[in-house]
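J.: Have a look at this one.
The values are calculated or read from the model by the stated rules, or taken from the named source; none is laboratory data. Please read these numbers as outputs of a predicted model, since none were measured by experiment. For neighbour counting, all protein chains shown are included, and Cβ atoms are generated from backbone atoms with ideal geometry for every residue, glycine included. For accessibility, only protein heavy atoms count, side chains too; no ligands or nucleic acids. Shrake-Rupley method; radii C 1.70, N 1.55, O 1.52, S 1.80 Å.
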Amino acid sequence: MNVKNSKMSTNSVWAGERDYLAFGATQVPTVFSVGYSYNDLDHWLDVALGKENGHIYGRMTNPTVQAFEGKVKELENAEDCISFSTGMAAISNTLNTFLRPGDRVVTIKDTYGGTNKIFLEFLPQLNIDVALCDTTDHEMLEKEVGKGCNVLYLETPTNPTLKVVDLNRMIKKAKEVGALVVVDNTFATPINQNPLALGADLVIHSATKFLGGHADALGGIVCGDKSLVEKVFHYREINGACLDPMSAYLFIRGMKTLDLRIKKQNENAMAVANFLESHPKVTDVFYPGLESNEGHEIAKKQMTGYGGMLSFSVDGGIDAVKKFMPALKFAHKAANLGAVETTVGPPRTTSHVENTPEERKAMGIPEGLVRYSAGIEDAEDLIADLSQALNKLEDK
Ligand SMILES: *Cc1c(COP(=O)(O)O)cnc(C)c1O
């Protein structure tokens, strides 16, 4: 079905599904089958060689998984899309597909904790040179890209301090040196930001977060031009980090409400950020939707909404956080984000648990930072909840 000209809310519901409906069902079936049977051996060979559409073995393709990939493909307006068992699998498989010993990658200090570990630990082991730049220092980024690199890897807004990278500016520079631009779009989602439309080559998602939206399945996504996605697919089909059909089904179901959820989460995060910014016990609020935020002007240019994620520091550091956080009633205290339920956690036990305190300090992540993923609850209830929890902290 061609849904290219439809709006995001319509695409969230319909995209990718129609070709996979069977038996007159209105929902995509979850196909639990490792192998696919052929009586016609010539047909089998043609499918195996990719000359005809079909399925051979579950590590390569699965109908439910393909329907999910088709849905994300339409929402990101990409030529092609493949999924992975986790977001980290999508990231590591993509980097491994395009980087060789002796290559050079330019990236930012504020990538997701696991991604940062790939840059700090695993790529150097393969003799790949990694230039780690200050996330908002665009001049330094341009300089490093200008020296020549194979891949420019970006994430915006970043986890957990919501820094914003100017995609237009960095993509332009990368094109000058022929670098492949990869953008982790997990925090923004296709509803708020479309890096491919700005010229990025590949977009990555941890589907575990907002795409799924219900904190019940792990998965990853890579979207882009067919010629690039095919290369990543080839790496994945051999190395094996495929998505399972049950998770694909959960993602398809979750994504039907993607547009609804994200709009509500945008609103809730904005309301919460405004409340926190004016609260005497809150020392810092990081949210690109706030006019006071360093990245606001760039965010305004490249995003259509500011997302459901924010972070803040409370007066008194980690000791105060230990008191404040358990007092929240409408928030899971968990290492997750992007779900319909509000979720909070300190980066030192969530996104950046893989990093040492020194590494977190170098990334500018205060030990007492609280990461807040706004759910779809009522904003007034979330604010009242934060207010009563902050009141538990003593006046100085
Ligand atoms: C969670 C996350 C990842 C990793 O995804 P998993 O599904 O947990 O492997 C990557 N990037 C960002 C921005 C994330 O929030």
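J.: Would you mind counting up the charge near H138? Only other residues with Cβ under 10 Å from its Cβ, with Lys and Arg at +1 and Asp and Glu at -1. If you can, show how the numbers build up before the last one.
T.: Working: positive: K143, R169, K173; negative: D134, D137, E139, E142, D166.
Value of the local net charge: -2.
J.: Taking amide H positions as placed 1.01 Å from N in the peptide plane, with prolines and chain starts having none, which residues 5 or more places from T61, or on another chain, fall under 5 Å of its amide H?
T.: I56
J.: In whole Hz, what ³J(HN,Hα) sequence does region 263-268 give by Karplus (6.51, -1.76, 1.60; θ = phi - 60°), x for Gly and Pro?
T.: Values per residue, Gly and Pro as x: 4, 5, 5, 4, 5, 5 Hz.
J.: Here's another thing I want to ask about it. Mind listing the phi-derived Karplus ³J(HN,Hα) values for region 349-354, rounded to whole Hz, using 6.51, -1.76 and 1.60 with θ = phi - 60°, and x for any glycine or proline?
T.: 3J(HN,Hα) across region 349-354, in whole Hz: 10, 10, 4, 10, 5, 6.
J.: Relative to the longest principal axis of the chain, what angle (0 to 90°, nearest 10) does the C-alpha long axis of helix 167-177 take?
T.: Once rounded, one gets 50 degrees.
J.: Which order do peptides 181-194, 204-217, 292-305 fall in by mean Cβ count within 10 Å, highest first? Show your work: numbers first, answer last.
T.: Working: 181-194: 26.2, 204-217: 24.6, 292-305: 17.9.
Packing order, densest peptide first, comes out as 181-194, 204-217, 292-305.
J.: Just check region 99-140 against the gyration tensor rule for me: Cα atoms, a ≥ b ≥ c as the square roots of the eigenvalues, rounded for a/c under 1.5, and otherwise prolate or oblate depending on whether a/b exceeds b/c.
T.: Values: a/c = 3.21, a/b = 1.44, b/c = 2.23.
Note, shape of region 99-140 comes out oblate.
J.: So, one more: Using the structure shown, list the pairs from K333/K361; K109/K231; K73/K256 with a Cα-Cα distance above 18 Å, or answer none.
T.: Values: K333/K361 23 Å; K109/K231 27 Å; K73/K256 14 Å.
In this structure, K333/K361; K109/K231 exceed 18 Å between Cα atoms.
J.: Let me ask another. Over region 223-376, calculate the relative contact order: mean separation of alpha carbon pairs under 8 Å at least 6 apart, over the residue count, as a percent.
T.: 22 percent
J.: What order do you get for 35-44, 11-20 when each peptide is scored by the mean count of other beta carbon atoms within 10 Å, highest first? Please report the intermediate quantities before stating the final value.
T.: Working: 35-44: 10.6, 11-20: 18.6.
Going by the mean number of other Cβ atoms within 10 Å, highest first, we get 11-20, 35-44.
J.: Could you work out how far helix 379-390 tilts from the main Cα principal axis of the chain, as a 0 to 90 degree angle to the nearest 10?
T.: 50 degrees
J.: A follow-up question, please. Calculate what fraction, in whole %, of the accessible area of region 8-255 sits on carbon and sulfur atoms when a 1.4 Å probe is rolled over the protein chains. Show your work: numbers first, answer last.
T.: On the way: 5100 of 9960 Å².
With neighbouring chains kept in place, the figure for region 8-255 is 51 percent.
J.: Any idea which of A248, G178, N77 is furthest toward the positive side of the dipole for region 8-255, if Lys and Arg beta-carbons carry +1 and Asp and Glu beta-carbons -1?
T.: Projecting each Cα onto the dipole axis, the largest value belongs to G178.
J.: Can you give the relative contact order of the chain as a percent, counting alpha carbon pairs under 8 Å and 6+ residues apart? It would help to have the intermediate numbers written out before the result.
T.: Working: 816 pairs, mean separation 65.6, N = 396.
Relative contact order of the chain: 17 percent.
J.: Under the Karplus relation 6.51 cos²θ - 1.76 cosθ + 1.60, θ = phi - 60°, what is the ordered set of whole-Hz ³J(HN,Hα) values for region 100-109, x standing for Gly and Pro?
T.: Computed from phi, the couplings for region 100-109 are 10, x, x, 6, 10, 10, 10, 8, 10, 5 Hz.
J.: How would you order 103-112, 156-165 from highest to lowest mean count of nearby Cβ atoms within 10 Å? Don't skip to the answer; put the middle values down first.
T.: Details: 103-112: 23.5, 156-165: 26.3.
Ranked from most to least packed, the peptides come out as 156-165, 103-112.
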